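Below is one structure, written out as structure tokens; the observations come after it.
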Amino acid sequence: MTYEDPWYDGLASGWGEADGTGAPAPAVPSARGERSAAAVRARDVYVEVQRSAAFQEVRGRYRRFVVPGVVAFLAWYVGYVVTATTAPALMARPVAGAVNVAMVAGLGQFLTTFLFTWAYARHARLRRDRAALELRWDTQEMTREVRGGAS
């Protein structure tokens, strides 16, 4: 029985399916097998880059923005949920016509989501992207040297 669907990977594990000649397909090599010397040296390049001051600066900039942003957003979300469950009279208070405090706060959730997304993209563009691209370029150059100029 053959499967014509290229996205079907149920038999990709190598569990005895035929390879077209009637013989079982060869086993998939282990991901933890022995690595070539070039692969080990390329891995060392990535470890070296990860330990570099430039990489630590990019990661630090990322963390200094994301951690307070996530904390603020989660506090705002949890505050909304807790207020909605513990103070239903406050949330039902009308603001304008049929619009109440809960609706305004719920729309505020959407607004702050878009605001945080915009702020994250702007921060990444202004504070991290150039440094990250320079790191990527340096890493590629270093791995190219380790592999002997092969691309």
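The values are calculated or read from the model by the stated rules, or taken from the named source; none is laboratory data. Owing to the predicted nature of the structure, the values given are computational and were not obtained by experimental measurement. Neighbour counts are summed over all protein chains in view; Cβ atoms, including those assigned to glycine, are modelled from backbone coordinates with ideal geometry. Only protein heavy atoms, including side chains, enter the accessible area calculation; ligands, DNA and RNA are left aside. Shrake-Rupley method; radii C 1.70, N 1.55, O 1.52, S 1.80 Å.
Restricting to the range 21-77, name every residue that is open to solvent by 100 Å² or more (accessible area, probe 1.4 Å) and modelled with pLDDT of 85 or more. Listed by number, the residues that qualify are ARG51, ARG63, ARG64, TYR77.
For the range 90-134, which residues satisfy the criterion of being in contact with a strand residue (DSSP E or B) (Cβ under 7 Å, 6 or more places away or on another chain) and not aliphatic (A, V, I, L, M)? Residues satisfying the conditions are ARG93, PRO94, ASN100. Residues in the range 114-127 that are within 21 Å of ARG64 (Cβ to Cβ) and either of a type in the set (A, V, I, L, M) or open to solvent by 80 Å² or more (accessible area, probe 1.4 Å) (or both): LEU115, THR117, TRP118, ALA119, TYR120, ALA121, ARG122, ALA124, ARG125, LEU126, ARG127. The residues on offer are ALA84, ALA18, and the sole one that is surrounded by 11 or more Cβ atoms within 10 Å (Cβ to Cβ), modelled with pLDDT under 60 and either under 22 Å from ASP129 (Cβ atoms) or not basic (Lys, Arg) (or both) is ALA18. Of all the residues in the range 128-140, those that are loosely packed, with under 11 Cβ neighbours inside 10 Å and farther than 25 Å from VAL66 by Cα number 0. With respect to TYR120, is the statement that it is under 24 Å from ARG61 (Cα atoms), touching a residue at least 24 places away in the same chain (Cβ under 8 Å) and of a type outside the set (A, V, I, L, M) true? So TYR120 passes the test.
Listed conditions (1) in contact (Cβ under 8 Å) with a residue 12 or more places away in the chain; (2) open to solvent by less than 80 Å² (accessible area, probe 1.4 Å) are all met by ALA96, apart from (1).
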